[in-house]
1. Hey, does segment 298-321 have a residue that's in contact with an Asp or Glu (Cβ under 7 Å, 6 or more places away or on another chain) and on the phi > 0 side of the Ramachandran plot?
2. Answer yes if at least one residue in segment 168-182 is open to solvent by less than 10 Å² (accessible area, probe 1.4 Å) and outside any strand (DSSP E or B), and no otherwise.
3. Across segment 193-204, what is the total count of residues that are open to solvent by less than 10 Å² (accessible area, probe 1.4 Å) and without any contact (Cβ under 8 Å) to a residue 40 or more places away in the chain?
4. For residues that are in a loop (DSSP other than H, G, I, E, B) and either touching a strand residue (DSSP E or B) at 6+ places or on another chain (Cβ under 6 Å) or among the β-branched types (Val, Ile, Thr) (or both), scanning just segment 285-301, find the one that is surrounded by the fewest Cβ atoms within 10 Å (Cβ to Cβ).
5. State the number of residues belonging to segment 210-226 that are open to solvent by less than 10 Å² (accessible area, probe 1.4 Å) and farther than 21 Å from Ser132 by Cβ.
6. Pairs needed: first member in segment 349-373, under 30 Å from Leu307 (Cβ atoms) and of a type in the set (Asp, Glu); second member anywhere, open to solvent by less than 70 Å² (accessible area, probe 1.4 Å) and part of a helix (DSSP H, G or I); C-beta distance under 6 Å; at least 6 residues apart or different chains.
7. Please work out which one of (1) open to solvent by less than 10 Å² (accessible area, probe 1.4 Å); (2) closer than 25 Å to Ala39 by Cβ is the condition Ala274 fails and give its number.
Amino acid sequence: MSDPRGRLRAMDFSFLHAADLHLDTPFAGLGALQPAVAAALRDASLSAFDRLVDLAVQRRVAFVLLAGDLYDGPKRGLRAQLRFHRGMERLAAAGIGCFVVHGNHDPLEEGWSALRGFPAGVHVFGAGAPSSVPVVREGRCLAVVHGVSYGRREERENLAAAFRRGPEAVLQIGLLHAHVEGQQGHDPYAPCSLADLAASGLDYWALGHVHDRQILARGPSWVVYPGNLQGRSPKATECGAKGAVLVHVEAGAVAGVEFAPLAPVRFENLRVDAAGVGDLASLERLVLERIRPVLLEPAVEGIVARLEIGGRAALHHDLARGGGEELLASLRDASAGSEPWVHWDRVAVGTSPPVDRAALLARDDFAGELLRRIDALQLREEELAALVEGIDAPLLRGEIARVLQPTDGEERLALLRAAERFALDRLGGEE
């Protein structure tokens, strides 16, 4: 196909970008599990990978990118390797290529492999320096993929700095397991900056290592972490929807990135404010209502949930006398047999008793004096804002507002209210 001037026009296509598969990963940090829940967790990462392959075939993507940590450790269990090989065979049968780099959990020079080769169309990048592979369809080059694997687990070199755009006038992609500066909670393996990635001249960086799904840059050099394929624990970065991203290419450039949820098991940490809740039965109804929308989300087969209860609550004393454990048992009973299944793993109680603020304000002690001073500061902020708004001359009002920064006043009021809550919690604000 060509444009009116006779030049070949770039083909539109999509590719699939996934990372941190951790196939056959163990699940740690969970309480006692029912046998069915334990079995579902054991199979979750493998099922998510099967869904990844299904999606690639169904959406007829041009190729698949896997950005490291296919396996969870140097042992690389047989079940995980066999499932991965089977997936590569399915992609090859559909005419879909797959490009793979290894990361800190599955470096090339550590561990053993029971696999002696892959089907045609599967390319595993070596360690050391980046190499480049063209993606060809119907005799035309769609894209060039540049990639490099970890040779050892603790890769401290800036691998991204060695990537450079090739001469081909097509989409060019960097495939790397790396830590971009500013990311929290992950070891700084293959550290780099956004400036390093942009300097490569590549159009799209398919990254792995950080388990939070993030788009760090939206062109001209896209930088994307798809997150891990399946959550692994109740840790904050492992919670919520997990999967891969579909990247859509139009006229030779990235047009958009679409998240595809694939994880069958969802980890959720619910935080519920019990202020205004009259009894445990009402609290249980509130919690079940909060989890219900997650049950309706696509791809979810089961949920492992933890609950944190906070707020100044009338039922604080009931919860403090063992009501948390009783609520946990009741939630498990209420969710038994649900589809998708729900396993309530833990209930943490962080409530405090309710406060009669008027009574505290009238007291002749530290708590009363503190509240009176907070009220005086709050009144001063409100009067200042009203004074500025009451000035008739627009130019004068604008100049005074600029100097006094009344918008900062809103922030200070919020801080005052937060300070009051903090102080009363620490003082045990009961009459």
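1. We begin by selecting, within segment 298-321, every residue in contact with an Asp or Glu (Cβ under 7 Å, 6 or more places away or on another chain); these are 303-306, 310-311, 315.
Retained after the next criterion (residues that are on the phi > 0 side of the Ramachandran plot): 311.
Checked against the condition, which is being in contact with an Asp or Glu (Cβ under 7 Å, 6 or more places away or on another chain) and on the phi > 0 side of the Ramachandran plot, segment 298-321 yields at least one hit.
2. Applying the first criterion (open to solvent by less than 10 Å² (accessible area, probe 1.4 Å)) to segment 168-182 yields 171-178, 180.
Now restrict to residues that are outside any strand (DSSP E or B): 178.
Within segment 168-182, one or more residues are open to solvent by less than 10 Å² (accessible area, probe 1.4 Å) and outside any strand (DSSP E or B).
3. First pass over segment 193-204, keeping only residues open to solvent by less than 10 Å² (accessible area, probe 1.4 Å): 197, 200, 202, 204.
This time we only want the ones that are without any contact (Cβ under 8 Å) to a residue 40 or more places away in the chain, so: 197.
So the answer is 1.
4. Kept after step one, since they are in a loop (DSSP other than H, G, I, E, B), are these residues of segment 285-301: 296-301.
Of the ones still in play, those that are also either touching a strand residue (DSSP E or B) at 6+ places or on another chain (Cβ under 6 Å) or among the β-branched types (Val, Ile, Thr) (or both) are 298-300.
Details: Pro298: 9, Ala299: 18, Val300: 18.
By that ranking, first place goes to Pro298.
5. Taking segment 210-226 first, the residues open to solvent by less than 10 Å² (accessible area, probe 1.4 Å) are 210, 223-226.
Applying the additional criterion that residues be farther than 21 Å from Ser132 by Cβ yields 210, 225-226.
Within segment 210-226, residues that are open to solvent by less than 10 Å² (accessible area, probe 1.4 Å) and farther than 21 Å from Ser132 by Cβ number 3.
6. Listed pairs, sorted by first residue: none to list.
7. (2)
One line per residue, one yes/no per condition, for (1) out of contact with any helix residue (DSSP H, G or I) (no Cβ under 9 Å at 6 or more places or on another chain); (2) small (Gly, Ala, Ser); (3) at positive phi:
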{"site": "Arg83", "(1), (2), (3)": "no, no, no"}
{"site": "Arg86", "(1), (2), (3)": "no, no, no"}
{"site": "Arg90", "(1), (2), (3)": "no, no, no"}
{"site": "Gly103", "(1), (2), (3)": "yes, yes, no"}
{"site": "Asp106", "(1), (2), (3)": "yes, no, no"}
{"site": "Trp112", "(1), (2), (3)": "yes, no, no"}
{"site": "Gly121", "(1), (2), (3)": "no, yes, yes"}
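The values are calculated or read from the model by the stated rules, or taken from the named source; none is laboratory data. Not measured: the values here are computed from a predicted model. Glycine gets a Cβ as well: all are built from the backbone with ideal geometry, and neighbour counts include every protein chain shown. Side chains included, ligands, DNA and RNA excluded: accessible areas come from the protein's heavy atoms. Shrake-Rupley method; radii C 1.70, N 1.55, O 1.52, S 1.80 Å.
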